[in-house]
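Novice: One structure follows; several queries about it will come next.
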Amino acid sequence: MLTMEEQNYVTALREIEGRSLRDIAAHTGYHFNTVKKYADNEDWNMAYRPRKQRTSGLDPLKPTIDEWIREDLKRKRKHRRTATKTYNDLVANETLSQLLLVGKQTVTNYVSKRKKELSVTPYSTAMYKMWLEVGANEIRILNERYEWVATHTRKYGRQSEPEIKFAPYITALVRKPRAFLKSPYFLTLPETVQNHLKNCGYQDLRKTLLMLLPIIQDDKLGDAAAVLELSEIHSPDDFAAAYRALTEDPRTLPEVVTPMTPTQPPTTVPTQANFI
């Protein structure tokens, strides 16, 4: 297979200089059939052939497992099924257990692989081959099995800055404090929040970012900025206490009665009859 530069050279000899195929073959030293393949080629898109998928005893259950994984990705990490929990749920289900023809290791291996494929964070898709379907209005991202992963709106024209939707990546970013400070998302934060995070030590920065995660997800960064403006914050604990004081409803303290508490007589409201 010729490199792109070699292909372009063969095409130029054919189209621009008008040489014959045999002349090009003699001039370049390429085989005649190779020259013919590239000299008259009009479609330079690489055709791909989907890999033949080997059948597996897990195939009947793969749609169910994939659906469980997609549902779990919408939940907080601590509420998601582990690979072992997925296997146990299959065994516990009377209908699904009859379709389970493989062992636990096969199920857990498949679950671990599919979690990486179905997640759209940059860390989970790194080092995996992805495919793009480029349409007039959107770009669809597919995994190695040509299954849908994500869809992005296609933009036309020259843009000074890329349009990025940060929501899917926030959870991963806050767990990498130094990377968070260098990310494009950091520049979208209120200036007060930026300045506070820049002045934090590594441990305080890490702890503060974990506190900010639910605040960001609830779209309440304005409240966080107000806390930093109105209060003296010297530690993550100071921030947590001040944020609760600003955003939570004040609690009504319970009435405390002791043996020394004097009895309060009932209060009567005077009426017009009392004065007659």
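The values are calculated or read from the model by the stated rules, or taken from the named source; none is laboratory data. Worth saying up front: this structure is predicted, and the values here are computed from it rather than measured. When we count neighbours, we look across all protein chains shown, and the Cβ atoms used for this are built from the backbone with ideal geometry, even at glycine.
Novice: Do you know which residues across the range 98-125 are among the hydroxyl-bearing types (Ser, Thr, Tyr) and at pLDDT 90 or above?
Specialist: Those that are among the hydroxyl-bearing types (Ser, Thr, Tyr) and at pLDDT 90 or above: Thr106, Thr108, Tyr110.
Novice: Going through Leu213, Leu228, Leu132 one at a time, which residue ends up being buried (at least 16 other Cβ atoms within 10 Å of the Cβ) and either modelled with pLDDT under 85 or of a type in the set (A, V, I, L, M) (or both)?
Specialist: None of the other options fit; the residue is Leu228.
Novice: Name the pairs whose Cβ atoms lie under 6 Å apart, with the first residue in the range 9-26 and without any contact (Cβ under 8 Å) to a residue 12 or more places away in the chain, the second in a loop (DSSP other than H, G, I, E, B) and surrounded by 17 or more Cβ atoms within 10 Å (Cβ to Cβ), and 6 or more positions between them or separate chains?
Specialist: none
Novice: Do we have Thr95 as outside the structural domain of Thr171 (by TED's automatic domain parsing), part of a helix (DSSP H, G or I) and touching a helix residue (DSSP H, G or I) at 6+ places or on another chain (Cβ under 8 Å) here? Explain how you work it out, then say what you get.
Specialist: Values: outside the structural domain of Thr171 (by TED's automatic domain parsing): yes; part of a helix (DSSP H, G or I): yes; touching a helix residue (DSSP H, G or I) at 6+ places or on another chain (Cβ under 8 Å): no.
In short, no.
Novice: Separate question: Please identify the pairs in which a residue from the range 212-225 that is assigned by TED's automatic domain parsing to the domain that holds Ala242 has its Cβ atom under 6 Å from the Cβ atom of a residue that is surrounded by 16 or more Cβ atoms within 10 Å (Cβ to Cβ) and not in a helix (DSSP H, G or I), counting only partners at least 6 apart or on another chain.
Specialist: Matching pairs, first to second residue: none at all.
Novice: If you don't mind, there's one more thing I want to ask. So, in the range 18-34, how many residues would count as being surrounded by 15 or more Cβ atoms within 10 Å (Cβ to Cβ) and more than 16 Å from Met4 (Cβ to Cβ)?
Specialist: Residues flagged as surrounded by 15 or more Cβ atoms within 10 Å (Cβ to Cβ) and more than 16 Å from Met4 (Cβ to Cβ) within the range 18-34 amount to 4.
Novice: Could you look through the range 186-199, keep only residues that are part of a loop (DSSP other than H, G, I, E, B) and in contact (Cβ under 8 Å) with a residue 24 or more places away in the chain, and pick out the one that is surrounded by the most Cβ atoms within 10 Å (Cβ to Cβ)?
Specialist: Step one: of the range 186-199, the residues part of a loop (DSSP other than H, G, I, E, B) are 189-190, 199.
Checking which are in contact (Cβ under 8 Å) with a residue 24 or more places away in the chain leaves us with 189-190.
On the way: Leu189: 18, Pro190: 15.
Checking each candidate, the answer is Leu189.
Novice: Next up: Enumerate the pairs (first residue in the range 232-261 and within 24 Å of Leu205 (Cβ to Cβ) and modelled with pLDDT of 75 or more; second residue anywhere and in a loop (DSSP other than H, G, I, E, B) and of a type in the set (Ser, Thr, Tyr)) with beta-carbon separation below 6 Å, excluding pairs fewer than 6 apart on the same chain, so at least 6 apart or on different chains.
Specialist: From the range 232-261, the pairs are Ala242/Ser231.
Novice: The conditions are (1) assigned to a loop (DSSP other than H, G, I, E, B); (2) at pLDDT below 80; (3) not hydrophobic (A, V, I, L, M, F, W, C), and Arg75 fails exactly one of them. Which is it?
Specialist: (2)
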